[in-house]
Amino acid sequence: MAKLAVITGVSRGLGASLANLLLESGIDVIGISRSENRRLPTTAKENNQFYRHFACDVSDIPQLEETARLIEEEIKVKDAEQEIDTIFILNNAGVVHPIDQSQYLKSKELIDHVMINSIAPMVLTNYFLKKQKELEIPLVIANVSSGAADNPIFGWSAYCSTKASLNMYTRTVALEQEELKTGNRIIAFSPGIMDTDMQTEIRSSTKDQFAEIEKFKDYKVNNSLRQTDLVAGVLIDIITDEDVRNGEIYYINDYI
Ligand code: NAP
């Protein structure tokens, strides 16, 4: 029996760590992002695992649906070779941009933001939920959320809103899957502050755009940002646990 993970945002940050650690722990990975991660094919080879990357801009929904279709074909081939007993869908790709007071946010930037952070995870999840009857492989879905889903933050109206929507989507789909007795499980995961490009972008804001800028600069100076490998390890422990709780919003701070 084999397990396979579909991960968005594998080119860097948390997604790259998730892909790398899953390959090292014997789980095949299909990655989605606009740019490639050069290290992952090597990790796959070294660990005798399967890795395939699909270049896709998840804000382009027709492109994402076509990518999902190609991934489904890939999964069918893999399943015929060696039976797959679990598919993990890790909706990790996300953006914090645009950061500014809400009256200054441009509509086009808002649309892209909502597409990437809210719509793309829904589209990918919906696609595989629909195909699950045909594939007959249970799904474990994790949506990477944020503490910003629970707390309003000056300058982050888009980000707080999309992460809150992701949490409610998770809880609602979990309720449906429970009532339908599909066996599929879906969770959200709040990874805490991590040392990634997203934090670099946050620190490049002005105080007018983002009132808490100094606090976030201090996080970097004081080494308070977690490394993504550590965070990825916690999420992998959660999703690979037999008792993963459907609809739960998991918080990294409850684990480390
Ligand atoms: P990151 O380093 O900025 O990486 C973002 C990833 O998302 C990249 O692989 C990027 O790939 C992908 N992505 C962005 N836009 C995309 C698009 N249009 N199409 C396809 N892929 C796209 O971010 P991170 O810090 O690892 O964040 C990962 C997740 O954790 C996000 O959901 C974020 O909201 C959440 N989070 C992060 C922090 C933090 O402190 N860093 C805190 C709380 C929550 P390409 O650019 O190659 O497409």
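The values are calculated or read from the model by the stated rules, or taken from the named source; none is laboratory data. Being a predicted model, the structure only gives us computed values, none of them experimental. With ideal geometry, Cβ positions are generated from the backbone for all residues, glycine too; neighbour counts draw on all protein chains shown. The area values use the complete protein model at the heavy-atom level, side chains included, leaving out ligands, DNA and RNA. Shrake-Rupley method; radii C 1.70, N 1.55, O 1.52, S 1.80 Å.
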Item checked: Residue in segment 112-133 that is charged (D, E, K, R), in a helix (DSSP H, G or I) and modelled with pLDDT under 95 present -> yes
Next item on the list: Return yes or no: is D79 within 11 Å of the ligand (Cβ to nearest atom), part of a helix (DSSP H, G or I), open to solvent by 30 Å² or more (accessible area, probe 1.4 Å) and more than 21 Å from E178 (Cβ to Cβ)?
Entry: no
Check: What are the pairs, 6+ residues apart or on separate chains, where a residue within segment 127-148 that is open to solvent by 10 Å² or more (accessible area, probe 1.4 Å) has its Cβ under 8 Å from a residue that is of a type in the set (D, E) and within 16 Å of the ligand (Cβ to nearest atom)?
Finding: Y127/E65
Check: Quick check, is L105 within 14 Å of the ligand (Cβ to nearest atom) and open to solvent by less than 40 Å² (accessible area, probe 1.4 Å)?
Finding: no
Margin query: I need a count of the residues in segment 18-36 that are touching a residue at least 40 places away in the same chain (Cβ under 8 Å) and near the ligand (Cβ under 8 Å from one of its atoms).
Written below: 2
Notebook entry, point to check: How many residues are over 18 Å from E46 (Cβ atoms) and not in a helix (DSSP H, G or I) if we restrict to segment 5-20?
Noted result: 6
Notebook entry, point to check: List pairs: first in segment 164-175 and open to solvent by less than 60 Å² (accessible area, probe 1.4 Å), second part of a helix (DSSP H, G or I) and not aliphatic (A, V, I, L, M), Cβ under 7 Å, 6+ apart or cross-chain?
Noted result: S165/S118; L166/N117; L166/S118; L166/P121; V173/T125
Margin query: Looking at segment 197-211, I want the residues that are closer than 20 Å to L14 by Cβ and in a loop (DSSP other than H, G, I, E, B) and have a partner that is charged (D, E, K, R) and within 13 Å of the ligand (Cβ to nearest atom) with Cβ atoms under 7 Å, at least 6 apart or on another chain. Which pairs are those?
Written below: none
Item checked: Residue satisfying condition, being buried (at least 17 other Cβ atoms within 10 Å of the Cβ), more than 19 Å from A142 (Cβ to Cβ) and of a type in the set (G, A, S), within set S59, S17, S33 -> S59
